[in-house]
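The values are calculated or read from the model by the stated rules, or taken from the named source; none is laboratory data. Nothing here was measured: the structure is a model prediction, and the numbers come from that model. Cβ: placed from backbone, ideal geometry, glycine included. Neighbour counts: every protein chain shown. Note: accessible area is taken over every heavy atom of the protein model, side chains too, but ligands, DNA and RNA are not part of it. Shrake-Rupley method; radii C 1.70, N 1.55, O 1.52, S 1.80 Å.
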Amino acid sequence: MHAKIVLLPGDGIGPEIITQGQRVLETVAQKFGHQFDFASAMIGGCAIDETGDPLPEDTVKLCQDSAAILLGAVGGPKWDDPNAKTRPEKGLLGIRKALDLFANLRPIQCHPQLISASPLRQDIIDGTDILFVRELTGGIYFGDSGRSTTDGVESATQSMVYSVPEVERVVRIAGEAARKRRGKVTSVDKANVLEPSRLWRSVAERVMREEFPELEYEVVLVDAMAMHLLSRPRDFDVVVTGNMFGDILTDEASMLPGSLGLLPSASVGASGPGLYEPIHGSAPDIAGQNIANPLATILASAMLLRHSLELGEEATAIETAVSKVLDNGLRTRDIAAGGDAVSTTEMGEAVVNELNAA
Ligand code: IPM
Ligand code: MG
């Protein structure tokens, strides 16, 4: 296999963790006889500093012309001024939209070795294995927004819009994923209050009934879901929801395995390159210190191999190597529970060594 992979390191800890992700991909290439050509481009705050634009046109072109993209993180206090002309996050939303990456897959699995890293009780989280499918290019994130002043009172608005095809396509991704898993789909909405949620609910129900009649299907309101995630996370298999609900629920769900530093995500469309990134942000407080956990990015590179390059065996090799490294007791600071911690590079090195030893 000969594939072009674009690296978008971004801001904060992004460059450090992307370096480790690339190392792991290079190791896989060597071991399995593939050739990956890497190209780096700018996104987020560093791109604003350099070009004034969080998503330069060159970056979009490079991505469009690739097999897959591995992204670090964007943002930081330097670019947080609410009155700034543009923001790093706009780059991330822009690349999702430009590549039509409408489905964001966020698997939440509890690594048994790390159960003590979770703030929740072991008997609650044991065996949790959820795949979130978050709609990523619509909803309130992309609705019209604006400000106005009436009688000297300023107000702001942002609208939430979902169309029937937007709901259909993301629900199909959830149904197809559930077929390969435990056969259950939970759709999360706020249909008791929001009109777009009522549309979402009726479309989701129809797609599930007509196209996935063999699957178990349920509907849960988003506020109740926030609660059930903490009280009975094992009951969920595939969870499909809109853009903002998915953003919030997946941060909450990340506390089930204990650390954001372990969770990868994949953003995919109907065709073309997928975008793979850790769920966590740019962690500016620890940037440049070589202490960030690179495992989420390394696991994202495994998702990249599986979903965009159809290299399932290679993806599993990475996941197994990560699991072994955790078995061996290696921990970065975020999951060390106060014990000895290794650096970002040491963790990457350990995964590379496990891959080579396998
Ligand atoms: C995420 C992040 C982004 C989002 C931000 C950085 C724009 O929180 O990927 O979950 O809200 O989608
Ligand atoms: Mg988020």
Exercise. Taking H as built 1.01 Å from N, whose amide H comes closer than 5 Å to the amide H of Tyr217, not counting residues under 5 places away?
Worked result: Val185
Problem set entry | Distance in nm between pseudo-label sites at Glu252 and Met227 (7 Å out along the Cβ direction from Cα) | 1.0
Exercise. How large is ³J(HN,Hα), in whole Hz, for each residue of segment 112-125 in order, when computed from phi with the Karplus curve 6.51 cos²θ - 1.76 cosθ + 1.60 and θ = phi - 60°, using x for Gly and Pro?
Worked result: x, 5, 10, 4, 6, 6, 7, x, 9, 5, 4, 5, 7, 8
For this session: Putting +1 on Lys and Arg Cβ atoms and -1 on Asp and Glu Cβ atoms, find which of Ala300, Val74, Val239 reaches farthest to the positive end of the dipole of the chain.
Result: Val239
Problem set entry | Calculated P(r) of segment 95-210 - Cα pairs past 26 Å, % | 39
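Considering only the other residues whose Cβ falls under 14 Å of the Cβ of Ile335, what net charge follows from Lys and Arg at +1 and Asp and Glu at -1?
On the way: positive: Arg331, Arg333; negative: Asp327, Asp334, Asp340, Glu346.
Taking every Cβ under 14 Å from that of Ile335, the sum is -2.
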Seminar exercise, completed: accessible surface per residue for segment 129-255, probe 1.4 Å, DNA/RNA/ligands not counted, whole Å² -> 47
Exercise. Which ³J(HN,Hα) values in Hz, rounded to whole numbers, follow from the phi angles of segment 285-295 under the Karplus curve 6.51 cos²θ - 1.76 cosθ + 1.60, where θ = phi - 60° and Gly and Pro get x?
Worked result: 5, 10, 5, x, 9, 6, 10, 5, 7, x, 5
Problem set entry | Highest to lowest packing among 209-220, 38-49, scored as the average C-beta count within 10 Å | 38-49, 209-220
Problem set entry | Asp58 paired with Glu176, simple spin-label distance in nm, labels 7 Å along Cα-to-beta-carbon | 3.5
Problem set entry | Environment charge of Ser301, counting only residues whose C-beta is closer than 13 Å and scoring Lys/Arg +1, Asp/Glu -1 | -2
Problem set entry | Fraction in percent of alpha-carbon pairs per bin - 20 Å, the chain | 29, 60, 11, 0
For this session: First compute the accessible area of segment 129-255 with a 1.4 Å probe, then give the percent of it belonging to carbon and sulfur atoms.
Result: 53
For this session: Please sort 88-99, 236-247, 275-286 by packing, taking for each peptide the average over its residues of neighbouring beta carbons within 10 angstrom, highest first.
Result: 236-247, 275-286, 88-99
Problem set entry | Per-residue [θ]222 nm for the chain (sum of -39500 (n - 2.57) over DSSP H runs n ≥ 4, rounded to 500) | -12500 deg cm²/dmol
Exercise. For segment 33-64 and segment 230-308, what is the separation of their Cα centres, given in Å?
Worked result: 21
Problem set entry | Karplus-derived 3J(HN,Hα), 6.51/-1.76/1.60, for each residue of segment 334-339, Hz, glycine and proline x | 5, 10, 7, 6, x, x
For this session: Please give, to one decimal in nm, the separation of the simple spin-label points placed at Ile115 and Ser202, each 7 Å out from Cα toward the Cβ.
Result: 4.6
